[in-house]
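Read through the structure below, which is laid out as structure tokens, and then see the notes.
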Amino acid sequence: KAGVTQTPRYLIKTRGQQVTLSCSPISGHRSVSWYQQTPGQGLQFLFEYFSETQRNKGNFPGRFSGRQFSNSRSEMNVSTLELGDSALYLCASSLGASQNPYGYTFGSGTRLTVV
Amino acid sequence: SQQGEEDPQALSIQEGENATMNCSYKTSINNLQWYRQNSGRGLVHLILIRSNEREKHSGRLRVTLDTSKKSSSLLITASRAADTASYFCATITSGTYKYIFGTGTRLKVLA
């Protein structure tokens, strides 16, 4: 079956702009989580959605937001981009019916560069 | 701060040798997982060990869990150049739905 698809793969934006990243989970997976990965901070949890509801949120400013659609596809949005938002953004899907006993399946990520 | 902290941060070994990396965490967990990441790509799930398990094997991988010490180790036996990657542990705190990843161990296997 198809894996987790993230689009776009690469993105270059200017400070102050906004960006929307997309994630299509594995068919049948209802939970989608987003992570930011940077060399200095490692993998930081952004948020997790299950059946269109945000169940958990990490410690990121309100400029970072997300949503999940009825088909489980998810988008995350970053407004008023800052240089420090340059990172690899990873989406992970799972069955999510309980506390995820089977592990995540990750997408290949979106590499965002803010200039 | 990170829930999981791996050590060493970096490890360089010869092909055929065993590689051991460790992970420590801070709170009660339901399970602990190990992931591999190649060159800034997505992470690949390797193995999951539940809090009531002490050891688990999968091919050349062996994972141990010591909940009293809040630590886990990943052993890769007979390493290959293709094992060169970063390895992360991830834990999910009881009562939450979010995984916290460790800082990772960068493994380099020399041919």
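Odds and ends about this structure:
- Gyration tensor verdict on chain A (Cα atoms; rounded if a/c is under 1.5, prolate if a/b is larger than b/c, oblate otherwise): prolate
- Neighbours of A:THR110, meaning other residues whose beta-carbon lies under 15 angstrom from its beta-carbon, give a summed charge of +3 when Lys and Arg score +1 and Asp and Glu score -1.
- Relative contact order of segment A:29-74, defined on C-alpha pairs under 8 angstrom at six or more residues apart (%): 33 percent
- Take A:48-59, B:48-59 and order them by the average number of nearby Cβ atoms within 10 Å per residue, most first; the result is A:48-59, B:48-59.
- Footprinting exposure proxy ranking of B:GLU17, B:GLU5, fewest other C-beta atoms within 10 angstrom first, gives B:GLU17, B:GLU5.
- Coil-residue trypsin sites (Lys or Arg not before Pro) of segment A:1-49, DSSP, other Cβ within 10 Å capped at 12: A:LYS1, A:ARG9, A:ARG15
- Taking chain B and dividing mean pair separation by its residue count, relative contact order in percent (alpha carbons under 8 Å, at least six apart): 39 percent
- Computed over chain A, relative contact order equals 36 percent, with contacts defined as Cα pairs under 8 Å that lie 6+ residues apart.
- The protein assembly as shown shape via C-alpha gyration tensor axes, a/c threshold 1.5: prolate
- Under 14 Å of direct C-alpha separation, and excluding same-chain neighbours fewer than eight residues apart, B:LYS98 reaches these aspartates and glutamates: A:GLU48.
- Overall, chain B carries a charge dipole of about 240 debye about its Cα centre when +1 sits on the Cβ of Lys and Arg and -1 on the Cβ of Asp and Glu, all other atoms neutral.
- Anisotropy class of chain B from Cα gyration tensor, a/c 1.5 cut: prolate
- Vicinal HN-Hα couplings computed from phi for segment B:47-62 (Karplus, 6.51 cos²θ - 1.76 cosθ + 1.60; Hz; Gly/Pro x): 6, 10, 10, 7, 5, 9, 9, 10, 8, 8, 10, 8, x, 8, 9, 9
- Placing +1 on each Lys and Arg Cβ and -1 on each Asp and Glu Cβ, with no other charges, gives the protein assembly as shown a dipole about its Cα centre of roughly 340 debye.
Every number in this text was worked out from the coordinates using simple rules, so none of it is lab data. Just so you know, these numbers come straight off a predicted model, no measurement behind them. No Cβ is skipped: glycine too gets one built from the backbone with ideal geometry, and neighbour counts run over all protein chains shown.
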